[in-house]
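S.K.: Before I ask anything, let me first share the structure, which is written out below as structure tokens.
The values are calculated or read from the model by the stated rules, or taken from the named source; none is laboratory data. Everything numeric in this text was worked out from a predicted model, so none of it was measured. Positions of Cβ are generated from backbone atoms using ideal geometry, with glycine treated the same way; all protein chains shown enter the neighbour counts.
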Amino acid sequence: MNIHVGAEAFARFEARRLSPAIGAELHGIDLSQPMDEVMVTEIREALLRYKVIFFRNQSITRSHHIEFARKFGELEIHPATPKDQEDPEVLRITHNASNKGQENAWHSDVTWRTEPSLGSVLRAVELPQVGGDTLFSDMVSAYEGLSEKMKEFCCGLTAVHDIARVFAKRLGKDPKELHAKFPPQEHPVIRTHPETGERLIYVNTAFTSHIKDLSEKESDWLLQHLYSQAAVPEYQCRFRWEVGSIAFWDNRACQHYAASDYFPDVRVMERVTIAGDRPYFES
């Protein structure tokens, strides 16, 4: 294999960083082909190292998509997936002139679950001629960028995450109906990554409602301060999609923002999500 200048070599592929903080494209992998344990182990190592990894020029089916994601854990079924869908592991996200994109805010997926996802594998199906990029932000760097006093204050705090903040309106359901199946969850404001041991900010604009044991004013101020860390350019990378592109991100370690700058053009993506574990803070 001819190693690209600046790339990092693994046994089965090379990784080309998108930014110093987060993100790398993996070259030399065909996701439509069978993978041995060495390949799977190295892809997982790359995911932990770069927090989001990208694959270009992939020609895969839904079955390939599901099979690849399943190599990294059990798969989730999202409540927004139609009940009669043949392959419920796939969440199809379609935006067009009658359905403008609403994911243009920094967030982690499904933090309203008791055990939020390990990660997501997102595949581009149909894209606008220009726009529709996805940005990713490293929440480990975001934590490390806080002052020592702020780190000390935030460690040990608990935040509440609520599915109804987004999906009550999106699914046309009463919050009480959603809460009967998915009650609000409490997770640490600063969590410990279960595989790397790193600390990171674990609140997001989509699903976090408040921080426990603080007044409303205190909670709102602190959340806004923590939310704003995702928007720091030095913690980010930006991915320009092409048909056949795939992103695999560590939902425990980063947040993402889907730029909704292409309306009324069409953007169709398919996502398969890998189940995770309960967030914790280790002092």
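S.K.: Say whether the condition of being more than 23 Å from R252 (Cβ to Cβ), among the charged types (D, E, K, R) and out of contact with any Lys or Arg (no Cβ under 6 Å at 6 or more places or on another chain) is met by at least one residue in the stretch 63-81. Walk me through it before giving the result.
M.R.: The first filter runs over the stretch 63-81 and keeps only residues more than 23 Å from R252 (Cβ to Cβ), leaving 63-64.
With the extra rule that they be among the charged types (D, E, K, R), the set shrinks to none.
No, there is no match, as no residue in the stretch 63-81 is more than 23 Å from R252 (Cβ to Cβ), among the charged types (D, E, K, R) and out of contact with any Lys or Arg (no Cβ under 6 Å at 6 or more places or on another chain).
S.K.: Could you look through the stretch 14-65, keep only residues that are within 17 Å of the chain's Cα centre (by Cα) and among the β-branched types (V, I, T), and pick out the one that is farthest from D87 (Cα to Cα)?
M.R.: I22
S.K.: I would also like to ask the following. May I ask you to list the residues in the stretch 247-261 that are surrounded by fewer than 22 Cβ atoms within 10 Å (Cβ to Cβ) and in contact with a His (Cβ under 8 Å, 6 or more places away or on another chain)?
M.R.: Residues satisfying the conditions are Y257, S260.
S.K.: Ok, one more. Condition first: under 23 Å from K51 (Cβ atoms), under 15 Å from the mean Cα position of the chain (by Cα) and not in a loop (DSSP other than H, G, I, E, B). Can you find one or more residues in the stretch 153-174 that meet it?
M.R.: Taking every residue of the stretch 153-174 in turn, none turns out to be under 23 Å from K51 (Cβ atoms), under 15 Å from the mean Cα position of the chain (by Cα) and not in a loop (DSSP other than H, G, I, E, B).
S.K.: Where in the stretch 208-283 are the strands (runs of 3 or more DSSP E), entirely inside, with at least 3 residues that are basic (K, R), touching a helix residue (DSSP H, G or I) at 6+ places or on another chain (Cβ under 7 Å) and in contact (Cβ under 8 Å) with a residue 24 or more places away in the chain?
M.R.: Because the criterion is at least 3 residues that are basic (K, R), touching a helix residue (DSSP H, G or I) at 6+ places or on another chain (Cβ under 7 Å) and in contact (Cβ under 8 Å) with a residue 24 or more places away in the chain, no strands (runs of 3 or more DSSP E) in the stretch 208-283 meet it.
S.K.: Restricting to the stretch 195-207, name every residue that is in a loop (DSSP other than H, G, I, E, B) and over 16 Å from the mean Cα position of the chain (by Cα).
M.R.: Those that are in a loop (DSSP other than H, G, I, E, B) and over 16 Å from the mean Cα position of the chain (by Cα): E195, T196, G197, E198.
S.K.: Mind listing just one residue for me: the one in the stretch 96-149 that is part of a strand (DSSP E or B) and in contact with a Cys (Cβ under 9 Å, 6 or more places away or on another chain) and, of those, surrounded by the most Cβ atoms within 10 Å (Cβ to Cβ)?
M.R.: Checked the stretch 96-149; the qualifying residue surrounded by the most Cβ atoms within 10 Å (Cβ to Cβ) is D138.
S.K.: Regarding R113, is this residue in contact with a strand residue (DSSP E or B) (Cβ under 6 Å, 6 or more places away or on another chain) and at pLDDT 95 or above? Outline the logic, then answer.
M.R.: On the way: in contact with a strand residue (DSSP E or B) (Cβ under 6 Å, 6 or more places away or on another chain): no; at pLDDT 95 or above: yes.
No: the conditions fail for R113.
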